[in-house]
Structures are given as structure tokens and as C-alpha cells.
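Student: Submitted below is the structure of interest, expressed as C-alpha cells.
The values are calculated or read from the model by the stated rules, or taken from the named source; none is laboratory data. Worth saying up front: this structure is predicted, and the values here are computed from it rather than measured. All Cβ positions, glycine included, derive from the backbone under ideal geometry; neighbour counts span all protein chains shown.
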């Protein structure tokens, strides 16, 4: 699957250069209304950490009470940086800084969900209430959301990691971005997402890899790129890898290979 991220850069280049970016700092999210008052129609809802552009400050002051604290702000007109949501929200829960930033690399970062999600999940589970699973998002440094990942087993969720490596000997490919989501119970289960990033900012998604580790060192499944040990030019090798230990030599067992011609990824039969 190829996702063209260039569209976002073209569409938002002018907008981002002059916009007033803010981040939603309300753990339960913020309601978007059709007009700047409490009784106007609800037209959407923003989640914790969402990125918005303030396009108009109305000057209409408002005060709300939250858990005994008074929060002051005004009605502002916004547009979601990644969507079509447009309307009025309360400015008292806006932050100028990213409030949910997780792992960071040179060009990207992951978000993280609010700690209250654990409390909400526990309460909902005990009371048989259906609740949405939290999501973690991959963004670039312009805060454009590229992909999102649903955390399905919150009680076993451990962490999410982000890696970025430069790639050589794959036509038009500049780097590989890797996201690993780890769940831990008796053993560790790791979901690994890998994306090739080409010179036009297209993301080419590789098949997802799942690994389970109980006692190490254990063989694991992974991709070998041309500049990795065991890699080949213009190919991506899917392999079973046994890491080196005190009494075990490193072993790489290729299982399949994908050819890359600069535009398409094909399985090598």
C-alpha cells in the first residue's frame, strides 16, 4: 500500500506558515459547536492531543468550572489540521505546545494517550460499558498525522517505540520508519509496522510483523534492508533471525524476498 503524503504538504504549506497552531489539552476532548455559544449545535468533537489552527478569535469570553477549578478563555473558530472539522471551541483547554508527544526521531514523532484512559478503561470494564480503544498517531514535525494505531489490549499494553533509519541501494527510497507496539503478559507480543519513505514523501507500507518472546534469546521475524547485514541491493528480505548469545551464533534464515523497482514492491518467487 502506498500513501501519498505530499498532498498534505502542498495543501498545508501556506496554511502552516501563517497559522496559529494549538493542541487540545482536555483529557476527555472538546466539543465543536456551530456558533460561539453553549446552546448552539454540536457538529463534532476533538480528541486529546488533536492539532487545530485558530482562524478567528471572537473575543467572546467564557468561564467554565472543572473539578472545582475555574477555567477562563474565549470562543475561537478553528479548523482541524488533518480533517474537515471546522467550528467554534472553548480556548481554555488549548496549549501552544505538543502535550502528548511520545518517541521522537529526526523527522517524526509518536503521540501518546492521556493516563486517564487507563482509569476509564478499568471503570468501563468493571461496569460492562463499551469504550473506544485509545489510538497512538505517527506525525511529522509539521504535526501532520500520517498513520494511527489502535491499542487493542490496554491492560497488557507496555509501550510504543519509533525508529528511523536511512536506506541505501533501494531506488528512490530515503529511509525506513518503524513502529513497534509491545504488549506484555506472560510473554511479550510485538506488532511491528514498517514503511519505506521515498524521495517524494510517499509511504510504502510493508506487511505487518508479529513476534512473541518468552525467553531470550529467541528467533524473531524481521526485515533486512540492503544496508543491513544479510541484505541485498534492490531487495527487502523477510527473515527469521536468531540473535547471538553466549552459546549460540547469530543465524539469518531468509524466508521470502521483495523486489523494489523504484515504484512497486513485488514478491520474489
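Student: What strands (runs of 3 or more DSSP E), lying completely within segment 165-234, carry at least 1 residues that are more than 28 Å from residue 111 (Cβ to Cβ)?
Tutor: 220-224
Student: Going by the structure shown, is residue 150 under 30 Å from residue 227 (Cα atoms) and either in contact (Cβ under 8 Å) with a residue 12 or more places away in the chain or touching a strand residue (DSSP E or B) at 6+ places or on another chain (Cβ under 8 Å) (or both)?
Tutor: Considered against the rule, which asks whether it is under 30 Å from residue 227 (Cα atoms) and either in contact (Cβ under 8 Å) with a residue 12 or more places away in the chain or touching a strand residue (DSSP E or B) at 6+ places or on another chain (Cβ under 8 Å) (or both), residue 150 comes out as no.
A quick yes/no check of all residues on (1) part of a loop (DSSP other than H, G, I, E, B); (2) assigned by TED's automatic domain parsing to the domain that holds residue 50; (3) surrounded by fewer than 14 Cβ atoms within 10 Å (Cβ to Cβ):
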site: 110; (1), (2), (3): no, no, no
site: 114; (1), (2), (3): yes, no, no
site: 120; (1), (2), (3): no, no, no
site: 123; (1), (2), (3): no, no, yes
site: 130; (1), (2), (3): yes, no, yes
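Student: Please verify whether residue 262 is surrounded by 14 or more Cβ atoms within 10 Å (Cβ to Cβ) and assigned to a loop (DSSP other than H, G, I, E, B), treating the condition exactly as stated.
Tutor: For residue 262, the condition - surrounded by 14 or more Cβ atoms within 10 Å (Cβ to Cβ) and assigned to a loop (DSSP other than H, G, I, E, B) - is not met.
Student: Same structure, new question: Which of the following residues is under 30 Å from residue 153 (Cα atoms) and assigned by TED's automatic domain parsing to the domain that holds residue 156: 252, 181? Talk me through it step by step, then tell me what you get.
Tutor: On the way: 252 fails: under 30 Å from residue 153 (Cα atoms).
None of the others qualify; the one that does is 181.
Student: Would you say residue 92 is closer than 23 Å to residue 33 by Cβ, touching a strand residue (DSSP E or B) at 6+ places or on another chain (Cβ under 9 Å) and in a strand (DSSP E or B)?
Tutor: no
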